[in-house]
Amino acid sequence: MGLSDAFAVLPVASRSWSAENPDGAPGSGGTAASALGPGRKGSPCVTIPAGGTTVLVDATGPGIIRHIWITVPHNNGARPYVLRNLVLRMFWDEEATPSVEVPLGDFFCSGSGMPALITSLPIVVAPTNGMNCYFPMPFRRHARIELRNDHDEPVEAVFYQVDGTIGDDVDDGAGYFHALWRRSDRSAPLGVDHEILPRIEGRGVYAGTFVNLTALERHWWGEGEVKFFLDDDVERPTICGTGLEDYVGGAWAFQPHMNPERGPEPSLFSAPYSGYTQHVLADPARTSPYAAHMPPVHGMYRWHLPDPIYFHTSMRATLQQIGDHGGALFERCDDIATVAYWYQIGRTQELPPISLADARQPR
């Protein structure tokens, strides 16, 4: 629903799930009491114990999840990387395995455990670390959204609100929302492409990509092409881009000039459908007493909403790891983590499970 049809009065019921109304039941919000009295901000947030899981939504359908807002402390005392250690999981219609299983920060286009300001159509991260998702998520019988804490300490002050509707007409053409996190951490040999999305079977539409790249070698890191293998594609893709910064709508390494003597700095931007939003050279967490620099971190996104990628039997997406040194291309191997977002009608196979917390730690 956009501005053009905001006036439509639909035969559905609005619901909201939060710490003030965890069941999303009608007339049940704000029942907890504070020192100010009943209904006066008595339960604004939750604490998730180490190894624990908090259910954000448990709803009976049909319905549509329309908005997710959440904020957490991205540093927990001396323990950084909360945004990598919390895992967002979503299950539709009593499925046994999740359709979404992504580190919380990466789902909201904030990579390497660091928040980034995002002003896009489906994902918005506002000051200070207010994370919003506007991807519509239809379900027919049941929806379960949960947040799992793989951090080694409790995470306090988890604020959230999930908004949706119940009673929607979810027809057979509505796909289930999916998101998958994948990481290539330099263990593969040179010339092996990063797999954004391993081959999946079925029918659906690809909605977008988040890329978190930690550069582990010198010189330019973004010459790799993003490729989409659709349906009968095997050796060659149907869709093949020209480079990573081109894929997210930029050009020429995001730099205003290409003179090495002037020490060019790339330009960040965040737009409705694409953005280059992270260029981090020093650890903002400052949890270490040592004067040691970190590898450069780059974050970017691309939403295929006005130009969706349809697949009818299968799909696979990859990103090459190719660099450039003054006009000379070379194979390179960086630390790349990506999130693929797509809709799919049904699901014919389980998605790869997320790696353990130790294997998700940023460099």
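The values are calculated or read from the model by the stated rules, or taken from the named source; none is laboratory data. Note that this is a predicted model, so its numbers are computed, not measured. Glycine also receives a Cβ, built like all others from the backbone with ideal geometry; neighbour counts cover every protein chain displayed. Note: accessible area is taken over every heavy atom of the protein model, side chains too, but ligands, DNA and RNA are not part of it. Shrake-Rupley method; radii C 1.70, N 1.55, O 1.52, S 1.80 Å.
Some observations on this one:
- Take every Cα pair under 8 Å whose residues are at least 6 apart in sequence, average their separation, divide by the length of region 152-260, and the relative contact order is 14 percent.
- Value at 222 nm in deg cm²/dmol, rounded to 500, when DSSP H runs of n ≥ 4 in the chain each add -39,500 (n - 2.57): -500 deg cm²/dmol
- Values of log10 I(q)/I(0), in the order q = 0.24 Å⁻¹, for region 258-298 under a Debye, Cα-only, solvent-free model: -0.91
- In the context of the full set of protein chains, the chain has a per residue accessible area of 46 Å² (1.4 Å probe).
- Low-density loop cleavage sites - chymotrypsin sites (Phe, Trp or Tyr not before Pro) in region 277-316, where at most 12 other Cβ are within 10 Å (DSSP): Tyr290
- Rounded, prolate or oblate (a/c below 1.5 giving rounded, otherwise prolate when a/b exceeds b/c) for region 240-363 by Cα gyration tensor: oblate
- Here the accessible area of region 22-163 is 56 percent carbon and sulfur, with a 1.4 angstrom probe and all protein chains present.
- Taking region 256-330 and dividing mean pair separation by its residue count, relative contact order in percent (alpha carbons under 8 Å, at least six apart): 22
- Ordering of 169-179, 15-25 by packing is 15-25, 169-179, highest average first (other Cβ atoms within 10 Å, averaged per residue).
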